[in-house]
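Chemist: Attaching a single structure in C-alpha coordinates format; questions to follow.
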Amino acid sequence: MTTANPATVTAPPTTARLRSLVAEIRETVNRGLPPEPTAYMVAERLLPHLGRTDLLTDAQCEGDPGNYRQHVLHAERDGSFSVVALVWLPGQRTPVHDHVSWCVTGVHRGEEHERRYRLVPHGPTARLVATGDVVNPAGTVAAFAPPGDIHLVSNSGTEPALSLHVYGADIARLGTSIRRVYDLPADR
Ligand SMILES: [Fe+2]
(Lines give C-alpha, C1' and ligand atoms only; values in the text may rest on other atoms or scores of the structure.)
Protein backbone atom coordinates (compact mmCIF):
# COMPACT_ATOMS: atom_id res chain seq x y z
CA MET A 1 0.00 0.00 0.00
CA THR A 2 1.20 3.52 -0.71
CA THR A 3 0.37 6.33 1.66
CA ALA A 4 1.41 9.96 1.65
CA ASN A 5 3.36 9.73 4.84
CA PRO A 6 6.13 7.20 5.18
CA ALA A 7 6.55 5.21 8.36
CA THR A 8 8.69 7.61 10.37
CA VAL A 9 11.16 7.00 13.14
CA THR A 10 13.51 9.50 14.70
CA ALA A 11 17.13 8.53 15.19
CA PRO A 12 19.79 10.92 16.48
CA PRO A 13 23.00 11.37 14.51
CA THR A 14 25.14 8.68 16.00
CA THR A 15 28.14 8.52 13.72
CA ALA A 16 31.00 10.96 13.48
CA ARG A 17 30.54 11.11 9.70
CA LEU A 18 26.88 12.08 10.01
CA ARG A 19 27.76 14.79 12.55
CA SER A 20 30.38 16.07 10.13
CA LEU A 21 27.89 16.10 7.26
CA VAL A 22 25.37 18.02 9.37
CA ALA A 23 28.04 20.60 10.23
CA GLU A 24 28.91 21.00 6.53
CA ILE A 25 25.23 21.48 5.63
CA ARG A 26 24.78 24.01 8.45
CA GLU A 27 27.72 26.06 7.20
CA THR A 28 26.22 26.05 3.69
CA VAL A 29 22.64 26.87 4.71
CA ASN A 30 23.81 29.69 7.01
CA ARG A 31 25.21 31.57 4.02
CA GLY A 32 21.60 32.59 3.40
CA LEU A 33 21.65 32.10 -0.37
CA PRO A 34 18.43 31.55 -2.40
CA PRO A 35 16.94 28.04 -2.50
CA GLU A 36 18.47 26.80 -5.76
CA PRO A 37 22.13 27.66 -5.10
CA THR A 38 21.73 26.45 -1.52
CA ALA A 39 20.47 23.09 -2.78
CA TYR A 40 23.28 22.75 -5.35
CA MET A 41 25.94 23.50 -2.75
CA VAL A 42 24.40 21.09 -0.22
CA ALA A 43 24.41 18.40 -2.94
CA GLU A 44 28.16 18.94 -3.41
CA ARG A 45 28.66 18.49 0.32
CA LEU A 46 26.55 15.31 0.44
CA LEU A 47 28.20 13.56 -2.51
CA PRO A 48 31.50 12.45 -0.88
CA HIS A 49 29.64 10.78 2.01
CA LEU A 50 27.43 8.53 -0.12
CA GLY A 51 28.20 4.83 0.05
CA ARG A 52 30.54 5.24 3.02
CA THR A 53 29.86 2.42 5.46
CA ASP A 54 30.49 4.62 8.52
CA LEU A 55 27.76 7.15 7.63
CA LEU A 56 24.73 5.42 9.18
CA THR A 57 24.06 2.92 11.93
CA ASP A 58 22.34 -0.37 11.11
CA ALA A 59 19.14 0.90 12.79
CA GLN A 60 19.11 3.95 10.51
CA CYS A 61 19.14 1.64 7.46
CA GLU A 62 16.18 -0.52 8.45
CA GLY A 63 13.18 -0.72 6.14
CA ASP A 64 9.53 -1.41 6.90
CA PRO A 65 7.59 -4.10 5.04
CA GLY A 66 4.42 -1.96 5.21
CA ASN A 67 5.64 1.21 3.51
CA TYR A 68 8.81 3.05 2.58
CA ARG A 69 10.43 4.27 5.75
CA GLN A 70 11.76 7.63 6.83
CA HIS A 71 14.44 7.95 9.51
CA VAL A 72 14.78 11.54 10.70
CA LEU A 73 18.54 11.82 11.23
CA HIS A 74 18.72 15.49 12.10
CA ALA A 75 16.38 18.46 12.41
CA GLU A 76 18.17 21.77 12.85
CA ARG A 77 17.06 23.58 16.00
CA ASP A 78 16.05 26.73 14.09
CA GLY A 79 14.05 24.72 11.52
CA SER A 80 16.30 25.73 8.62
CA PHE A 81 17.07 22.20 7.40
CA SER A 82 16.55 18.52 8.09
CA VAL A 83 18.36 15.35 7.08
CA VAL A 84 16.48 12.09 6.64
CA ALA A 85 17.24 8.61 5.35
CA LEU A 86 14.54 7.02 3.21
CA VAL A 87 14.50 3.27 2.82
CA TRP A 88 12.57 1.60 0.00
CA LEU A 89 12.24 -2.16 0.01
CA PRO A 90 11.79 -3.71 -3.46
CA GLY A 91 8.44 -2.65 -4.95
CA GLN A 92 7.79 0.23 -2.53
CA ARG A 93 7.01 3.68 -3.89
CA THR A 94 5.87 7.15 -2.97
CA PRO A 95 2.65 8.67 -4.27
CA VAL A 96 2.99 11.40 -6.91
CA HIS A 97 3.96 14.44 -4.85
CA ASP A 98 5.87 17.68 -4.59
CA HIS A 99 7.74 19.30 -1.72
CA VAL A 100 7.50 22.03 0.88
CA SER A 101 11.03 23.32 0.29
CA TRP A 102 14.27 22.91 -1.62
CA CYS A 103 15.46 19.35 -1.56
CA VAL A 104 18.68 17.42 -2.12
CA THR A 105 18.71 13.67 -2.63
CA GLY A 106 21.67 11.33 -2.72
CA VAL A 107 21.47 7.59 -3.27
CA HIS A 108 23.51 5.83 -0.59
CA ARG A 109 22.70 2.25 -1.50
CA GLY A 110 20.77 0.49 -4.27
CA GLU A 111 18.98 2.30 -7.06
CA GLU A 112 16.04 4.70 -7.12
CA HIS A 113 13.65 5.11 -10.01
CA GLU A 114 12.02 8.48 -10.47
CA ARG A 115 9.19 9.53 -12.78
CA ARG A 116 8.75 13.26 -13.24
CA TYR A 117 5.45 14.95 -14.07
CA ARG A 118 4.09 18.22 -15.28
CA LEU A 119 0.65 19.51 -14.26
CA VAL A 120 -1.47 20.59 -17.24
CA PRO A 121 -5.00 22.05 -17.41
CA HIS A 122 -7.70 19.51 -18.13
CA GLY A 123 -11.23 20.91 -18.19
CA PRO A 124 -12.19 22.23 -14.75
CA THR A 125 -9.32 20.39 -13.09
CA ALA A 126 -5.86 19.22 -14.15
CA ARG A 127 -4.03 16.12 -15.25
CA LEU A 128 -0.47 14.88 -15.08
CA VAL A 129 1.84 14.35 -18.01
CA ALA A 130 4.98 12.30 -17.43
CA THR A 131 8.02 14.23 -18.62
CA GLY A 132 10.72 11.69 -18.01
CA ASP A 133 12.02 8.63 -16.22
CA VAL A 134 15.31 8.78 -14.39
CA VAL A 135 17.30 6.01 -12.73
CA ASN A 136 19.44 7.28 -9.88
CA PRO A 137 22.17 4.77 -8.97
CA ALA A 138 24.17 4.74 -5.75
CA GLY A 139 26.60 7.64 -5.54
CA THR A 140 24.48 10.17 -7.42
CA VAL A 141 22.91 13.39 -6.14
CA ALA A 142 20.07 15.59 -7.34
CA ALA A 143 18.99 19.04 -6.19
CA PHE A 144 15.77 20.88 -6.87
CA ALA A 145 13.47 23.57 -5.55
CA PRO A 146 9.73 24.06 -6.01
CA PRO A 147 7.78 24.75 -8.15
CA GLY A 148 7.98 22.15 -10.91
CA ASP A 149 9.16 19.32 -8.66
CA ILE A 150 6.28 16.85 -9.06
CA HIS A 151 7.52 13.27 -9.08
CA LEU A 152 7.15 9.69 -7.92
CA VAL A 153 10.04 7.67 -6.51
CA SER A 154 10.11 3.89 -6.46
CA ASN A 155 12.37 0.93 -5.97
CA SER A 156 11.85 -1.27 -9.01
CA GLY A 157 14.90 -3.38 -8.24
CA THR A 158 15.37 -6.52 -6.19
CA GLU A 159 17.53 -5.04 -3.40
CA PRO A 160 16.63 -2.43 -0.77
CA ALA A 161 17.38 1.16 -1.75
CA LEU A 162 18.44 3.88 0.69
CA SER A 163 18.87 7.56 0.01
CA LEU A 164 19.79 10.60 2.06
CA HIS A 165 17.51 13.62 1.71
CA VAL A 166 18.19 17.13 2.91
CA TYR A 167 15.25 19.54 3.04
CA GLY A 168 15.13 23.24 3.75
CA ALA A 169 12.40 22.68 6.33
CA ASP A 170 11.83 21.20 9.77
CA ILE A 171 10.74 17.65 8.94
CA ALA A 172 10.63 16.65 12.61
CA ARG A 173 7.81 19.18 13.08
CA LEU A 174 6.05 18.67 9.73
CA GLY A 175 6.41 14.86 9.68
CA THR A 176 7.00 14.81 5.94
CA SER A 177 8.56 16.85 3.14
CA ILE A 178 5.50 16.33 0.97
CA ARG A 179 3.58 19.49 0.15
CA ARG A 180 0.82 17.89 -1.88
CA VAL A 181 -0.12 14.43 -3.14
CA TYR A 182 -1.49 14.49 -6.70
CA ASP A 183 -4.34 12.03 -7.02
CA LEU A 184 -5.06 13.05 -10.61
CA PRO A 185 -5.32 11.26 -13.93
CA ALA A 186 -1.88 10.64 -15.44
CA ASP A 187 -0.83 9.46 -18.86
CA ARG A 188 1.39 6.85 -17.18
FE1 LIG B 1 10.08 13.58 -3.45
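Chemist: Using the structure shown, decide if V104 is more than 20 Å from A186 (Cβ to Cβ), within 13 Å of the ligand (Cβ to nearest atom) and modelled with pLDDT of 95 or more.
Modeler: Judged against the criteria, V104 is a match.
Chemist: Is it fair to say C61 is surrounded by fewer than 18 Cβ atoms within 10 Å (Cβ to Cβ) and hydrophobic (A, V, I, L, M, F, W, C)?
Modeler: yes
Chemist: Ok, one more. Name the residues in the range 165-180 that are within 13 Å of the ligand (Cβ to nearest atom) and buried (at least 16 other Cβ atoms within 10 Å of the Cβ), would you?
Modeler: H165, V166, Y167, A169, I171, T176, S177, I178, R179
Chemist: I'd like to verify a number: residues in the range 45-101 that are touching an Asp or Glu at 6+ places or on another chain (Cβ under 9 Å) and polar (S, T, N, Q), how many?
Modeler: 3
Chemist: Working carefully through the options L55, L46, L21, L33, find the one that is part of a helix (DSSP H, G or I) and more than 16 Å from the ligand (Cβ to nearest atom).
Modeler: Matching residue, one of L55, L46, L21, L33: L21.
Chemist: Are any residues in the range 147-163 within 13 Å of the ligand (Cβ to nearest atom) and either of a type in the set (A, V, I, L, M) or touching a strand residue (DSSP E or B) at 6+ places or on another chain (Cβ under 6 Å) (or both), and if so, which ones?
Modeler: Answer for the range 147-163, where residues must be within 13 Å of the ligand (Cβ to nearest atom) and either of a type in the set (A, V, I, L, M) or touching a strand residue (DSSP E or B) at 6+ places or on another chain (Cβ under 6 Å) (or both): D149, I150, H151, L152, V153, S154, S163.
Chemist: Continuing with this model, one more query. Within the bounds of the range 51-67, is there any residue that is basic (K, R) and touching a strand residue (DSSP E or B) at 6+ places or on another chain (Cβ under 6 Å)?
Modeler: no
Chemist: What pairs come out if I take residues in the range 143-156 that are at negative phi and pair them with residues that are in a loop (DSSP other than H, G, I, E, B) and within 11 Å of the ligand (Cβ to nearest atom) whose C-beta lies under 6 Å away, six or more apart or interchain?
Modeler: Partner pairs satisfying both residue conditions: L152/T94; L152/V96; V153/T94.
Chemist: Limited to the range 90-119, what total is found for residues that are outside any strand (DSSP E or B), touching a Phe, Trp or Tyr at 6+ places or on another chain (Cβ under 8 Å) and surrounded by fewer than 19 Cβ atoms within 10 Å (Cβ to Cβ)?
Modeler: Count: 2.
Chemist: Ok, one more. Identify all residues within the range 135-146 that are within 14 Å of the ligand (Cβ to nearest atom) and either charged (D, E, K, R) or within 24 Å of G91 (Cβ to Cβ) (or both); write none if there are none.
Modeler: N136, A142
The values are calculated or read from the model by the stated rules, or taken from the named source; none is laboratory data. Just so it is clear, the structure is predicted and the values come from calculations on it, not from any experiment. Note: ideal-geometry Cβ built from the backbone for every residue, glycine included; neighbour counts use all protein chains shown.
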